[in-house]
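One structure is given here, and the rest of the page talks about it.
The values are calculated or read from the model by the stated rules, or taken from the named source; none is laboratory data. Quick caveat, the model's predicted, so the values are computed rather than measured. Note that each Cβ is placed from the backbone with ideal geometry, even for glycine, and that neighbours are counted across all protein chains shown. Each accessible area value is taken on the protein alone, full model and side chains, heavy atoms only, with ligands, DNA and RNA left out. Shrake-Rupley method; radii C 1.70, N 1.55, O 1.52, S 1.80 Å.
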Amino acid sequence: REFKMKKKTMPKLQIIGPVYNEEEVIEDFFNRLNKTLNTLKSKYQCKIMFVVDKSSDNTILKLEKIASKNKNVQLLILSSRFGHQMSLVAGMDHSEADATIMMDTDLQHPPEMIPSFLREYENGHDIVLGIRNVPVDKNFLKKLGSNYFYKLLNFFADINLKKGEADFRLVSKKVLNVFNSQIREQNQFLRGLFSWVGFKKSLVYFDAEERYRG
């Protein structure tokens, strides 16, 4: 009897990008993201899911044009204004990937950092957290308020958020399954929940860019 070796399938990578009134920047974001994902095609099956919170500009029209020309792009259009965190939750509910990366679509989360997140995932980490490097000349009041936010939250809650932690993160399929089946609260604060839920974590530091447009 002749046995044939099964062809090993490449792992799936899903990018989730919440979108709200981003008509001025969404095409530039997609172009930079797609350029980065093209460098990963030999290792991952890459897909992009834009989760569109109900917008009042031409964001949806621009995304529909992008999706019509790119088979790796999916659109999840929400029926009402649910907010940033619940847009991410909706994307998580629809991801079946081995690794899922969540990132903002205003280019403050640089797509070029994605390979750094994947290296940590490949080294066995189930959660990879993006940590913003805070520039020296950042607005003093904003910096002060941010510092107090993290100190107060860590003091009153049973979690340990890193200063500068962003909603730029990678999670494995194991973590996603826990959220999709067991963590179903409304108005989730994902930074806190990903700190609380356990699993092996790693950090990736990045320089947050200025908002590109709009």
* Structure fact -> In region 5-143 the accessible area split gives carbon plus sulfur, as whole percent at 1.4 Å, a share of 52 percent
* Say the cut-off is 24 Å between C-alpha atoms; which of Lys173/Lys201; Lys47/Lys69; Lys43/Lys174; Lys71/Lys174; Lys12/Lys163 go over it? -> Lys71/Lys174; Lys12/Lys163
* To do: Count the net charge of all other residues whose Cβ sits under 12 Å from the Cβ of Ile114, scoring Lys and Arg as +1 and Asp and Glu as -1.
  => +3
* So what's the net charge close to Val73: Lys and Arg +1, Asp and Glu -1, counting the other residues with Cβ under 11 Å from its Cβ? -> +3
* To do: Check cross-link reach from Lys62 to the aspartates and glutamates: straight Cα distance under 20 Å, and skip same-chain residues fewer than eight apart.
  => Glu22, Glu23, Glu24, Glu27, Asp28, Asp53, Asp104, Asp106
* Structure fact -> Rounded to the nearest Å, the spacing of the alpha-carbon centers of region 64-88 and region 15-61 is 8 Å
* To do: Working from the alpha-carbon coordinates of region 13-119, get Rg over Rh, Rh being the Kirkwood radius.
  => 0.93
* Length added when fully stretched, Tyr205-Lys8, from 0.36 nm per residue minus Cα-Cα -> 67.7 nm
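What accessible area per residue, rounded to a whole number of Å², is obtained for region 1-125 using a probe radius of 1.4 Å? Display every interim value, and only then the final one.
Values: 6840 Å² over 125 residues.
Using a 1.4 Å probe on heavy atoms only, each residue of region 1-125 averages 55 Å².
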* Asked: Given the Cα-Cα distance of Glu112 and Asn31 and 0.36 nm per residue of separation, how much length would full extension add, in nm?
  -> 28.0 nm
* By average Cβ neighbour count within 10 Å, what is the ranking of 19-26, 127-134, 193-200 from highest down? -> 19-26, 127-134, 193-200
* Taking 0.36 nm per intervening residue step and subtracting the Cα-Cα distance, what contour gain separates Gln45 from Lys65 on full extension? -> 5.0 nm
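Arranged from highest to lowest average of other beta-carbon atoms within 10 Å per residue, in what order do the peptides 108-118, 28-38, 45-55, 64-74 appear? Mind dumping the intermediate values first?
Values: 108-118: 18.8, 28-38: 16.5, 45-55: 20.9, 64-74: 13.5.
Final packing ranking: 45-55, 108-118, 28-38, 64-74.
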